[in-house]
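In what follows, a structure is listed as structure tokens, so that the remarks can point back to it.
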Amino acid sequence: SLSLSLACVSSQPTHPHTLLPKLKNPVEEIPGILAGGWTAADFTGASARESDREWSSLYGQFRAIWKDVEKHDASWPFQEPVDTSEVEDYLTVIKDPIDLSKIKQRLDDKYYKSKDMLKADLIRMIENCKTYNGQRTVFYKEAERLGAYVERRL
């Protein structure tokens with residue numbers, strides 16, 4: 001049984017080198033570590049320079065993906081949060097709203113640890129739009145177009 005103090009765990013996005021717990025068991029045995037895109041090197045600091053380069057490269061890829069999605073001609077409904085003063089029932093229907101500005105903020109905060117995390121937010125944004133809007137609306141149709149692009153891009 002692995003016991004790890006949660007005192008070093010934060011809900012805020014953290015660079016991997018700031019999480020250096022003393023572990024009795026290999027890092028890979030901790031549930032969620034591998035699925036989250038982490039490796040033992042992220043915790044040992046043994047190859048910090050290489051990990052920093054990989055981290056920068058990964059974030060460069062994330063930013064390029066975001067920029068490509070943001071400039072797509074079907075992205076206009078997703079640029080900013082839905083105005084809930086105009087669409088009053090939106091939060092009744094959509095429990096976890098997200099838009100491209102929030103995804104950009106998460107990129108700036110280094111929230112994403114893998115492409116799968118970024119893709120999940122992009123797909124949720126598209127699915128939220130399709131859930132709220134009828135199939136015959138322009139919003140639904142743009143969501144379908146952007147969703148197809150995201151699937152091809154990622």
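Can you pull the one-decimal nm distance between simple spin-label points at D89 and K67, each 7 Å off the Cα toward Cβ?
Spacing of the two 7 Å Cα→Cβ label points: 4.1 nm.
List the GluC sites (Glu not before Pro) within segment 81-136 that fall in a DSSP loop (any state other than H, G, I, E or B) and whose Cβ has at most 14 other Cβ atoms within 10 Å.
Those that pass, being in a loop and sparsely packed, are E86, E88.
Let me check I have the definition right: for segment 40-154, take the eigenvalues of the Cα gyration tensor, multiply each by 5, take square roots. What are those semi-axes in whole Å, largest first?
Equivalent ellipsoid semi-axes, largest first: 32, 15, 11 Å.
Could you let me know the centre-to-centre spacing of segment 117-153 and segment 95-114, using Cα atoms, in angstrom?
Their Cα centres are 16 Å away from one another.
Bear in mind these aren't lab numbers, they're just calculated from the coordinates by the rules spelled out. Keep in mind that this is a model prediction, so the values were computed, not measured. In this analysis, Cβ positions are derived from the backbone assuming ideal geometry, glycine residues included, and neighbour counts consider all displayed protein chains.
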